[in-house]
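For reference, the structure discussed in these notes is given below.
The values are calculated or read from the model by the stated rules, or taken from the named source; none is laboratory data. Please read these numbers as outputs of a predicted model, since none were measured by experiment. Here the Cβ positions follow ideal geometry from the backbone for every residue, glycine too, while neighbour counts run over all protein chains shown.
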Amino acid sequence: MNAVDQGLAHVIRHRPSATDSQVEGAPRITRSTTLAITGGLFGLALMMRLWAVASISFPLTEGSAYYVAVARNLVTGRGLEIDAIWSYATPPLTLPRPAFELWQPLASFVAAVPMTMLGPTFSTAQLGFAALGALLAPLTWLVARDVARRLELPSRRAWSMSIGAGLLAGLSGPLLLSSALPDSALPFTILTVVACLVMPSAAAGRQTGVVVLGAMLGLAYLARLEAVYLGLAFVIVALTTTNLTRVARIRRVAGLALGVGAVGALVALPWWLRNLAVFGSPTPGQVVDNLLLVRNEQIFAYAHRPTLEAFLAQGAPELLAKMAAAAVHNLVNVLVVPVGPLAVAGLLTIVVSLWLLHRAGRVDAARGPLGALLTFGAIAFAATTFLFPVATLWGTFEHAAGPLVIGLIVAAAVGADAFVARVRSWRNWPRSNAWLAPAALILVTLPLTALQVSAADMQASNRERLITQIAESVPVALETAGVDPRAPLIGDRPVWLSGAMDRPMIVLPDEPAADVLRLATDFGAQAVIISEARGIHPAALRSDGAGAACFLELTAADLPAGTAVFRLVDGCR
């Protein structure tokens, strides 16, 4: 037997050996055992998330601040609105602004639940997300347990590997931070993992599986638009789980997809009707703009929106270069660096296992929930790389990568288990020592998680300090300059600044001073606040270009370094 076949024998165990089943005493799966493992994993994951919540007291991104602000307005009776405009792609451009012209509402709904009981604060929203995020640990255990069953691992190894995967999901830094920083990523990840758990049942044509998958698909759509990738993943999974002829297979899968889609559409229908009434369209309007971005600052464009002509004018070499940069960013900055050794081990395991399984004629072992998660992840990676190569640099793939991270964690647990089994064979160990694999992965994960939480805490504290300083110093300068306290302000960080200053804010476009002047005139704004240099600002307002003379830079006591405040000169409108 060569090395490949020996490795395969340890990855795919067709039946437990006498040593595994008799000497070690394989535990039986009972209801009480299942409940104990589920509760234990949930409890540990919740404790870790509460630690992260206690460390971070300010939304690190404006996206997180946006969801919390809308939840606060919803709980206090104002409804789904916000006092900030961060995009000009979708009318009506009014203040207060109807919320969710692009983003989806589920994260705000999740935050609103604990807010109704404990008060409309950021920390309250974090508690709700911590409880929700702790579900990832037992859900990951279920995915890993299915893999162990399909690979027919001996019982000791199966339990160690699957519980270890659940523990890793509870401890992994990126998954931990998604609870401490309320955002769409967490509910989307939860719903997608559940959808992948029931996907094999739906692909087999079971009615309950079709209904549950459709419901999860609809709810996932209310979290993030990437739910469409989940629907495509189901089609691929369903096509590969039947031995019918090509025509019969297509007909069968089309029927199943229609059933899943109908249930999902029923769940999303109320939201579509709301959007139709508020924005004039059931679907977001900025998706096309994001496809045509030449640079990320165009997300805030007002006078010069992205166009197909400008996009194509870049030429094929530039487009390919941006796609290559997006691929590197998605792989390295979203997966390998944040997820660390788990991502590397998971990716390596996937490549090696697919080859070994194919050689052994056991490709069916790569299916199931894990296969669905990895299929979704591959689609999301490819779509964001090739369709949104610019937008993904600001988080498009990052916010949809949670399900793939879960898949990589399970794959890493499987690979580590197979490696320990191979070492056992080399060294002739009398026991499997299956606990070594998850223990080693946990030991390398914990320091990285601690570092990530510490770094997020530092960044959030610095951001909070900056925004607080601006909120305390700028109003006095504006009042001294005669700015109407009821007039909206233009700012580079409209969501943060609006919440801190309790004033309506509109986003500063990365456009020349003449266009900023036009924006100020259209909205009746009288001042511009730039918290830090980004794009062409504040240099454009300090230049001698057209319209720049209409902006007078103000001085303010205790203004943070790098922050600039401009007042619109009277008579320039």
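The table that follows gives values for the structure above.
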read-out	value
Subset of segment 538-564 (residues that are within 28 Å of residue 462 (Cα to Cα) and touching a Leu at 6+ places or on another chain (Cβ under 7 Å))	560
Criterion: assigned to a helix (DSSP H, G or I) and over 14 Å from residue 566 (Cβ atoms) - qualifying residue of 518, 486	518
Residue 527 free of Cβ contacts under 8 Å to residues at least 40 places away in the same chain and in contact with a Phe, Trp or Tyr (Cβ under 7 Å, 6 or more places away or on another chain)	no
Lone qualifier among 130, 137, 125 - being over 29 Å from residue 274 (Cβ atoms) and under 20 Å from the mean Cα position of the chain (by Cα)	137
Subset of segment 75-97 (residues that are over 23 Å from the mean Cα position of the chain (by Cα), in contact (Cβ under 8 Å) with a residue 40 or more places away in the chain and farther than 12 Å from residue 285 by Cβ)	75, 76, 83, 95, 96
Scan of segment 427-474 for residues that are crowded, with 17+ Cβ neighbours inside 10 Å, under 18 Å from residue 160 (Cβ atoms) and small (Gly, Ala, Ser), ordered by number	432, 434, 437
Members of segment 522-553 found to be buried (at least 18 other Cβ atoms within 10 Å of the Cβ) and among the aliphatic types (A, V, I, L, M), listed by number	525, 527, 528, 529, 530, 540, 541, 548
Checklist (1) without any contact (Cβ under 8 Å) to a residue 24 or more places away in the chain; (2) outside any helix (DSSP H, G or I) applied to residue 104, failing item	(1)
Residues located in segment 120-138, provided they are out of contact with any Pro (no Cβ under 9 Å at 6 or more places or on another chain) and either small (Gly, Ala, Ser) or part of a helix (DSSP H, G or I) (or both)	123, 130, 133, 134, 136, 137, 138
Residue in segment 262-280 that is more than 22 Å from residue 397 (Cβ to Cβ), modelled with pLDDT of 95 or more, surrounded by 15 or more Cβ atoms within 10 Å (Cβ to Cβ) and among the aromatic types (Phe, Trp, Tyr) present	yes
Condition broken by residue 81, with the remaining ones in (1) closer than 30 Å to residue 353 by Cβ; (2) among the acidic types (Asp, Glu); (3) at pLDDT 95 or above satisfied	(1)
Verdict on residue 343 being assigned by TED's automatic domain parsing to the domain that holds residue 174, within 20 Å of the chain's Cα centre (by Cα) and not β-branched (Val, Ile, Thr)	yes
Filtered residues of segment 556-573 (kept if assigned to a loop (DSSP other than H, G, I, E, B) and either farther than 17 Å from residue 490 by Cα or within 39 Å of the chain's Cα centre (by Cα) (or both))	556, 557, 558, 559, 560, 561, 562, 563, 571
Matching residues in segment 296-320 - criterion: being in a helix (DSSP H, G or I) and surrounded by 11 or more Cβ atoms within 10 Å (Cβ to Cβ)	296, 297, 298, 299, 300, 310, 311, 312, 318, 319, 320
Which numbered condition residue 94 fails, given (1) under 30 Å from residue 431 (Cβ atoms); (2) modelled with pLDDT under 95; (3) among the polar types (S, T, N, Q)	(1)
Flag if residue 49 is among the charged types (D, E, K, R), under 23 Å from residue 195 (Cβ atoms) and in a helix (DSSP H, G or I)	yes
Matching residues, segment 521-531, being more than 17 Å from residue 83 (Cα to Cα) and assigned to a strand (DSSP E or B)	530
Residue 293 being part of a helix (DSSP H, G or I), of a type outside the set (D, E, K, R) and either in contact with a helix residue (DSSP H, G or I) (Cβ under 6 Å, 6 or more places away or on another chain) or outside the structural domain of residue 397 (by TED's automatic domain parsing) (or both)	no
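The rows are residues; the columns are (1) farther than 30 Å from residue 555 by Cα; (2) outside the structural domain of residue 337 (by TED's automatic domain parsing); (3) polar (S, T, N, Q); (4) part of a helix (DSSP H, G or I).
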residue: 418; (1), (2), (3), (4): yes, no, no, yes
residue: 422; (1), (2), (3), (4): yes, no, no, yes
residue: 425; (1), (2), (3), (4): yes, no, yes, yes
residue: 454; (1), (2), (3), (4): yes, yes, yes, yes
residue: 465; (1), (2), (3), (4): no, yes, no, yes
residue: 468; (1), (2), (3), (4): no, yes, yes, yes
residue: 472; (1), (2), (3), (4): no, yes, no, yes
residue: 477; (1), (2), (3), (4): no, yes, no, yes
